[in-house]
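Notes follow the structure.
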Protein chains: 2
Amino acid sequence: MVEGQQQSTSPLLVKKFGGTSVGSIERIEVIAEQVAKSFHQGERQVLVLSAMAGHTNHLFGLANQIERVPDARELDMLVSTGEQISVALMAMALQKRGLKARSLTGDQVQIHTNNQFGRASIERVDTDYLQMLLQQGIIPVVAGFQGRNTQGEVTTLGRGGSDTTAVAIAAALSAQECQIFTDVAGIYTTDPNIEPSAQKLAAISFDEMFEMARLGAKVLHPDSVSYAERFKVRLRVLSSFEKGSGTLVQFTSAKQPLEKVVGIAGVAEQAMISLPDLESGSESYQKIFQLLAAHGVEADLVSKTLSDKETICFTLNDSELDLALATLDSISQVVKLGAVHSHRKLAKLSLVGDGVFAKSDILAKVFETLTLIQTDAKMITTSDIKLSLVIDQSALHTAVRALHHAFELNKA
Amino acid sequence: MVEGQQQSTSPLLVKKFGGTSVGSIERIEVIAEQVAKSFHQGERQVLVLSAMAGHTNHLFGLANQIERVPDARELDMLVSTGEQISVALMAMALQKRGLKARSLTGDQVQIHTNNQFGRASIERVDTDYLQMLLQQGIIPVVAGFQGRNTQGEVTTLGRGGSDTTAVAIAAALSAQECQIFTDVAGIYTTDPNIEPSAQKLAAISFDEMFEMARLGAKVLHPDSVSYAERFKVRLRVLSSFEKGSGTLVQFTSAKQPLEKVVGIAGVAEQAMISLPDLESGSESYQKIFQLLAAHGVEADLVSKTLSDKETICFTLNDSELDLALATLDSISQVVKLGAVHSHRKLAKLSLVGDGVFAKSDILAKVFETLTLIQTDAKMITTSDIKLSLVIDQSALHTAVRALHHAFELNKA
């Protein structure tokens, strides 16, 4: 095969590198070397990059010297320069290695978004220009996290950022795989910093990955996971700095769940509010959660029980507790709240596994383990795919380790 | 007049602020305050900004860590982020003061250039979008120094940079004036650091300004001056930090030159090569200057004299002398050069004044002054508009001061 004349039957991979992976000229050179190697092995590649680590925060800092809440359009114009810098430098590093490469802004690729500056959604990715570059053996190096609205203004994407850019491009190009390179080797059964025997998963289902991401595994943003699932993009998480096949996020048949706990995620700094005397009826609930939402308080887990009387409780970030309590206080004239109990310094611990939580033996094992480590669950919620417990924050690490052991996740 | 509904009969000014003027958040706020004041006085304004001082060099430094000579397209993609940052911050600072403002890249304005990455020329400026913003009372804040080619790629302009952007926009919008804000109060009769009695000029002709710029006054790049003259843009140089009307660069009738020396410019670090034995005939000259140009050596002043034999000499930057001598050596087989004399540590001193240098009394006064300070002119060239002398670098300041006094430039 002649270089620069790669056949369109060669595998096409979209590879996303985060801010740490391109955090210095040295790291950019390391990535460029890997990309060159893959090129010579016949891979067709589209790169998607984040800004160099720290750069975006630096730009936000400049803006905040002017305004506490700067105009969203201008903020996007400002912070999008971070990715433009990293893609230009990467293109240079690839050219240094004799490869043809071209850096592209979101506008140049034609990543069309809606008008929501600062949290735009991708509506369409034009692939004509990317296809033309690939046909000419030119590696497109695309600025992540950004697009353009219909007026040609720079927008930046909401949550999920550059991961979502990579997934959207992979979907538009029907790429074989979208590879998310990070500073960890893949998705683990739990945080290896808490439980050293945590195992890297070779594969995980989209539903499981979504829950793991939502419940505290920080490797992928849940929005990019659901985007990938929606557009049928094969997603792989792997390390920028170590060899390995990472973790494949795969499609599983809904009728054949693994029926096994695959991972445990934990999030600290949680709080809980419970309302044991709330007057019955969904109208009260509606008012409460509408008002909380209007004040920017996100209720996370919500649970309602009925014994002698109804009790509703919900969790939220500890940092939002004071605001939530003040908000509840302000409607106590309108809604008969009764007592308002609140708890700080809690943690949320979640077991994730497709189709597993209808099974009583799993629940039994969870309670058995909690008893062993003398910890109470203050709240429990379950779905088809996960079981979440709220426990004291001080017990989080002990509980993660005990449950990891109990479900034999340390055995590869 | 209702704010944001300024009449299209209000004066329209294009204002360019250089890197020092926007070098920090504090300075951006100072400029924003001035712009707000002008807005409330009824001015319609288009701002053109350079990158924050030092930023562009930082980006070049990053690129040079990868490649000594990076790809010009990628370098433009990289360094154009500098201006994008400063315009976004300025738009925020204007909005903070209750003004409507919008930052724009060269691509968004539609500043169309040719394909010469790193030294592009502006071919066309679309004004539809700018006009629309102005009609809505929105202040356009344009990234200087950049444009787009027909493929939508980012280009940066050659010499003259952001000044040329401002002039091109002023021409396209038929603005009343293009104001170049700098860290000096205007154009002086000579460098005030050399001669403290140097006077700020209230006005100067385009020809004079062009020569002053070309001959060492660093305030404006000669290319932006000639661009302004070509497109009949009224140009004014003034200080970002002090009040004052600066210096107006004006059109004068060619038949009414001021017949007066208006300024003195000096440039150090010059060298001279003379070829006293060169065989006669323009073919030899052609070969020599073609080859020097091919090696990137710029001959500046060129003078040829005929007494008993022909002598040609020319000046160049001292830093290029070794390369020039090596180049001449390489063609000594083809062209009979004879002796090659070279001189280092010279300076070029130029007197500028429209229509003045045909007059013998001026020449007489120059020689009288040089005799007084015991300095020889190693070379003299004249044109309608200027007289340039080559003297020892060590005599430059003395000569500037003596001539400034002799021509009474210290008298306002």
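Miscellaneous remarks
- When A:185, A:170 are screened for being more than 17 Å from residue A:404 (Cα to Cα), surrounded by 24 or more Cβ atoms within 10 Å (Cβ to Cβ) and not polar (S, T, N, Q), only A:170 passes.
- For region B:377-407, taking the residues that are assigned to a loop (DSSP other than H, G, I, E, B) and within 21 Å of the chain's Cα centre (by Cα), the one that is surrounded by the most Cβ atoms within 10 Å (Cβ to Cβ) is identified as B:385.
- Residue match in region B:197-207 (condition: out of contact with any strand residue (DSSP E or B) (no Cβ under 7 Å at 6 or more places or on another chain), at pLDDT 85 or above and within 28 Å of residue B:396 (Cα to Cα)): yes
- Count - residues of region A:27-60 that are in a helix (DSSP H, G or I) and in contact with a helix residue (DSSP H, G or I) (Cβ under 9 Å, 6 or more places away or on another chain): 13
- Taking the criterion of being touching a residue at least 60 places away in the same chain (Cβ under 8 Å) and in contact with a His (Cβ under 7 Å, 6 or more places away or on another chain), the residues of region A:139-160 that qualify are A:159, A:160.
- Of the residues A:82, A:98, A:42, the single one that is in the same structural domain as residue A:174 (by TED's automatic domain parsing) and closer than 27 Å to residue A:124 by Cβ is A:82.
- Test: residue in region B:161-173 that is in a loop (DSSP other than H, G, I, E, B) and closer than 24 Å to residue B:213 by Cβ: no
- Any strands (runs of 3 or more DSSP E) falling wholly within region A:225-308 and containing at least 3 residues that are modelled with pLDDT under 90, in the same structural domain as residue A:325 (by TED's automatic domain parsing) and under 30 Å from residue A:322 (Cβ atoms): A:263-275, A:302-306
- Of note, residue B:156 does not satisfy the criterion of being in a loop (DSSP other than H, G, I, E, B), within 14 Å of another protein chain (Cβ to nearest Cβ) and modelled with pLDDT of 90 or more.
- Residue within region B:183-194 that is of a type in the set (D, E, K, R) and free of Cβ contacts under 8 Å to residues at least 60 places away in the same chain present: no
- Residue list for region B:45-58, restricted to those being surrounded by fewer than 23 Cβ atoms within 10 Å (Cβ to Cβ) and touching a residue at least 24 places away in the same chain (Cβ under 8 Å): B:53, B:54, B:55, B:56
- Verdict on residue B:87 being farther than 19 Å from residue B:223 by Cβ and touching a Lys or Arg at 6+ places or on another chain (Cβ under 8 Å): no
- Search result, residues across region B:337-372 that are loosely packed, with under 14 Cβ neighbours inside 10 Å and part of a loop (DSSP other than H, G, I, E, B): B:338, B:339, B:358, B:359
The values are calculated or read from the model by the stated rules, or taken from the named source; none is laboratory data. Remember, it's a predicted structure, so these values are computed and weren't measured experimentally. For neighbour counting, all protein chains shown are included, and Cβ atoms are generated from backbone atoms with ideal geometry for every residue, glycine included.
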